[in-house]
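> First the structure, then my questions, so here it is.
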Amino acid sequence: MTHAGLIDRFGRVHRDLRISLTDRCSLRCTYCMPADGVPWLQRDTMLSTDELVRVARVAVEMGIEEIRLTGGEPLLRADVVDVVDRLAHLDGPAGHPEISLTTNALRLPQLASQLVDAGLTRVNVSLDTLRRDRFIELTRRDKLVETLAGIAAAEAAGLAPIKINAVAMRGVNDDEVVDLTQFCVDHGYQMRFIEQMPLDGGHTWDRHQMVTGEEILAALRARWTLTERDDRGAAPAQVWDIAGTDASVGVIASVTAPFCGTCDRVRLTADGQLRACLFAREESDLRGLLRGGCTDEVLADAIAANLRLKKPGHDIDDPGFLQPDRPMSAIGG
Ligand code: SF4
């Protein structure tokens, strides 16, 4: 039975907790942060593992069913295997939560099997290009080979499904929509294209630079026959089956086809702030409550109070839209 505190005033039931383990990252993607990074969160503001596990425990006891670990790059957190182990053993009305991860895959060769043993079930890997030169341009690191090795390590460790997330950008990688999808068809991965969102550290987002969901679909339909699925639920991606293959492809069109009406996600930042929405401008300071010696009830009430304030959706299309001050790297996907 889901605690009423996880249901917002629009009746959306929140079952998915996204936890950012760190704002640090081993790449410098152009659509996420400037070359020299962004001002990192102060170390002493970062939640300890005991603190983040406690918040997660209270949330799971309220009815959270899924926990997605994000960053920055979550695998940069030294005790990430222990974090997964402790989260996977939490117990709530829906049983143990499913633990998944969004990663750039660079540390998966070392960690994949340990993470699986600890309770990780599936991964989303960020990969915007299959071309080495373009990878260097986009991430400012020469790490394509290592990224592909990380994806292979996830597969070898039994993580499934493996979803490949790519941000489509005009004149940058939009000519690889078919190649990236073919890569997934050939390997049994699930391709997910994401419309670029106004969440970059440099506040340089340009709607005209963004490749729309419709444009991505048009490129795919030029190559394959697609059949739209009707089992989306609260998932961010609308998914199509690819005829003649066992594969599917998804599009997360946050800007042009928002899916806020069924949103079931709430986010905990690495420095202990609760965000009801990716684009929220208000946050609830759970770190202050934790370090002030609060009870679990007070934590649960704070989570409920935060969700009660949740807006019906992002207001990117509103003339008054203001990009959140906190960059994506400090919010997590
Ligand atoms: S923009 Fe906010 S409300 Fe909409 S789907 Fe994303 S997190 Fe949910």
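The values are calculated or read from the model by the stated rules, or taken from the named source; none is laboratory data. Computed from a prediction, not measured in an experiment: that's the story for all the values here. FYI the Cβ positions are ideal-geometry reconstructions off the backbone, even for glycines, and counts take in every protein chain you see. The area values use the complete protein model at the heavy-atom level, side chains included, leaving out ligands, DNA and RNA. Shrake-Rupley method; radii C 1.70, N 1.55, O 1.52, S 1.80 Å.
> If you take the residues of the stretch 265-304 that are among the hydrophobic types (A, V, I, L, M, F, W, C) and open to solvent by 40 Å² or more (accessible area, probe 1.4 Å), which of them is nearest to the chain's Cα centre (by Cα)?
So, considering only residues that are among the hydrophobic types (A, V, I, L, M, F, W, C) and open to solvent by 40 Å² or more (accessible area, probe 1.4 Å), the one nearest to the chain's Cα centre (by Cα) is Leu289.
> Separate question: Which condition breaks for Asp175 when tested against (1) modelled with pLDDT of 95 or more; (2) closer than 26 Å to Phe321 by Cα; (3) surrounded by fewer than 20 Cβ atoms within 10 Å (Cβ to Cβ)?
Every condition holds for Asp175 apart from (2).
> Return the pair list, or none, for Cβ contacts closer than 6 Å from residues in the stretch 55-83 that are touching a residue at least 40 places away in the same chain (Cβ under 8 Å) to residues that are open to solvent by less than 40 Å² (accessible area, probe 1.4 Å) and of a type in the set (Lys, Arg), at least 6 apart or on different chains.
Listed by first residue and then by second, the contacts come to Arg68/Arg18; Thr70/Arg18.
> To continue, here is another question. For the condition away from the ligand (no atom under 12 Å from the Cβ), among the aliphatic types (A, V, I, L, M) and more than 30 Å from Pro161 (Cβ to Cβ), what is the one hit in Leu274, Leu286?
On inspection, the qualifying residue turns out to be Leu286.
> Does the stretch 91-103 contain at least one residue that is open to solvent by 10 Å² or more (accessible area, probe 1.4 Å) and closer than 25 Å to Thr139 by Cα?
Yes: one or more hits.
> Also, quick follow-up: Looking at (1) more than 15 Å from the ligand (Cβ to nearest atom); (2) in contact with a strand residue (DSSP E or B) (Cβ under 8 Å, 6 or more places away or on another chain); (3) open to solvent by 60 Å² or more (accessible area, probe 1.4 Å); (4) of a type outside the set (Ser, Thr, Tyr), which is the only condition Ala222 fails?
If we test Ala222 against (1) more than 15 Å from the ligand (Cβ to nearest atom); (2) in contact with a strand residue (DSSP E or B) (Cβ under 8 Å, 6 or more places away or on another chain); (3) open to solvent by 60 Å² or more (accessible area, probe 1.4 Å); (4) of a type outside the set (Ser, Thr, Tyr), just (2) comes out false.
> Follow-up question, since we're still on this one. Are any of the residues in the stretch 289-307 assigned to a helix (DSSP H, G or I) and within 15 Å of the ligand (Cβ to nearest atom)?
Taking every residue of the stretch 289-307 in turn, at least one turns out to be assigned to a helix (DSSP H, G or I) and within 15 Å of the ligand (Cβ to nearest atom).
> Here is a follow-up. If I filter the stretch 229-242 for residues that are in a strand (DSSP E or B), open to solvent by 30 Å² or more (accessible area, probe 1.4 Å), away from the ligand (no atom under 16 Å from the Cβ) and of a type in the set (Asp, Glu), do I get at least one hit?
Yes.
> Are any residues in the stretch 243-264 within 16 Å of the ligand (Cβ to nearest atom) and more than 19 Å from Phe193 (Cα to Cα), and if so, which ones?
Once the filter is applied, which keeps residues that are within 16 Å of the ligand (Cβ to nearest atom) and more than 19 Å from Phe193 (Cα to Cα), the stretch 243-264 yields Gly261, Thr262, Asp264.
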